[in-house]
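Participant: Once you've had a glance at the structure underneath, I'll fire off some questions.
Every read-out reported here was derived from the displayed coordinates using simple, explicitly stated rules and does not represent laboratory data. None of these values were measured; they are calculated from a predicted model. Ideal geometry is used to build each Cβ from the backbone, glycine not excepted, and the neighbour counts take in all protein chains shown.
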Amino acid sequence: MRELVRLRARPSRDGKTFMYLLDYVDENGKSKRISLGHSDRRKAGRQREQKERELRIGLFGPESIRLSDFLEDSLLRTGGQIRESTRLEYRSAMEHFINVVGDIDLQKVGHKHGELFRQVCLDQGNSPATVAKKLRHIKRLFQLAVDRKQLDENPVRQVKLSRSPGKKMVTFSHEQCERILRAAQNC
């Protein structure tokens, strides 16, 4: 489990003593630093654990949000930073993801949901390249949630993209090349 509160020691100006500090991210996603005002390691450790518990039980932890609401919030926050076509592709991929796994809580999404989505897309007849593209869009949306402190980690980061077979190379015979050249010269 990821550590939410970090304990640090800061030396005093004279360099002979030090004080402990707690670093963490608050409910608004802002970094906070609290000076504990002492140099007692055990006491500082207990204070760090207490702050960690507060964050874990949800006093300042990520809020509960359904995937459909997360999608709207994410697209709203992104605003005009992406093209309209990209916005439509993100929306389409996430709506398909929601149809497969359900409109569950963002915090409950796991690796298994990503694998299920990949398999359902393949079973529905999507090409491996299309499935890989949809997965990239889903991964990006979840990475934005991590960047915005809505998730601790990207739940679908390790889902492997579908491999698409390389495109078949078309080669022309000598006769076909001559016909193409004649046609081009006649234009």
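Participant: Can you list the GluC sites (Glu not before Pro) in segment 39-132 that are in a DSSP coil and have 11 or fewer other beta carbons within 10 angstrom?
Facilitator: Answer by residue number: GLU63.
Participant: Run through segment 3-50 and list the trypsin sites (Lys or Arg not before Pro) located in a DSSP loop whose Cβ has at most 16 other Cβ atoms within 10 Å.
Facilitator: Within segment 3-50, the qualifying trypsin sites (Lys or Arg not before Pro) (loop, at most 16 other Cβ atoms within 10 Å) are ARG13, LYS16, LYS30.
Participant: Excluding ASP123 itself, calculate the net charge of residues whose Cβ lies under 15 Å from the Cβ of ASP123, where each Lys or Arg counts +1 and each Asp or Glu counts -1.
Facilitator: +1
Participant: Something else now. What is the local net charge at ILE34, summed over the other residues whose Cβ is closer than 9 Å to its Cβ (Lys, Arg +1; Asp, Glu -1)?
Facilitator: Combined, the nearby Lys, Arg, Asp and Glu give +2.
Participant: Using the alpha-carbon centroid of each, what span in Å lies between segment 20-57 and segment 131-149?
Facilitator: Going from one Cα centre to the other spans 30 Å.
Participant: Ok, one more. Subtracting the Cα-Cα distance from 0.36 nm times the residue separation, let me have the gained length for CYS187 to ARG53 in nm, one decimal. Spell out each step's value before the answer.
Facilitator: On the way: separation 134, 0.36 × 134 = 48.24 nm, distance 7.68 nm.
40.6 nm is the gain from fully extending CYS187 to ARG53.
Participant: Right, another one. Can you tell me, using C-alpha contacts under 8 Å and at least 6 residues apart, the relative contact order of the chain as a whole percent? Intermediate results must be reported in sequence, preceding the final value.
Facilitator: Working: 187 pairs, mean separation 28.4, N = 187.
So the answer I get is 15 percent.
Participant: Out of the GluC sites (Glu not before Pro) in segment 126-180, which ones are loop residues according to DSSP with at most 13 other C-beta atoms within 10 Å?
Facilitator: Sparse-neighbourhood loop GluC sites (Glu not before Pro): GLU153.
Participant: Would you mind computing, in nm to one decimal, how far apart the modelled labels at SER173 and ARG148 are, each placed 7 Å from Cα along Cα→Cβ?
Facilitator: Computed distance between label sites SER173 and ARG148 equals 5.9 nm.
Participant: I would also like to ask the following. Between (i) 12.8; (ii) 19.6; (iii) 9.9, which entry matches mean projected area of the Cα convex hull in nm² as derived from the coordinates of this structure?
Facilitator: Read-out from the structure maps to (ii).
Participant: Using label points projected 7 Å from each Cα along Cα→Cβ, tell me how many nm separate SER85 and ARG136, to one decimal.
Facilitator: Between SER85 and ARG136, the simple spin-label model gives 1.3 nm.
Participant: While we're here: Roughly how many nanometres apart are two label points built 7 Å out from the Cα toward the Cβ at VAL25 and LEU76?
Facilitator: 2.0
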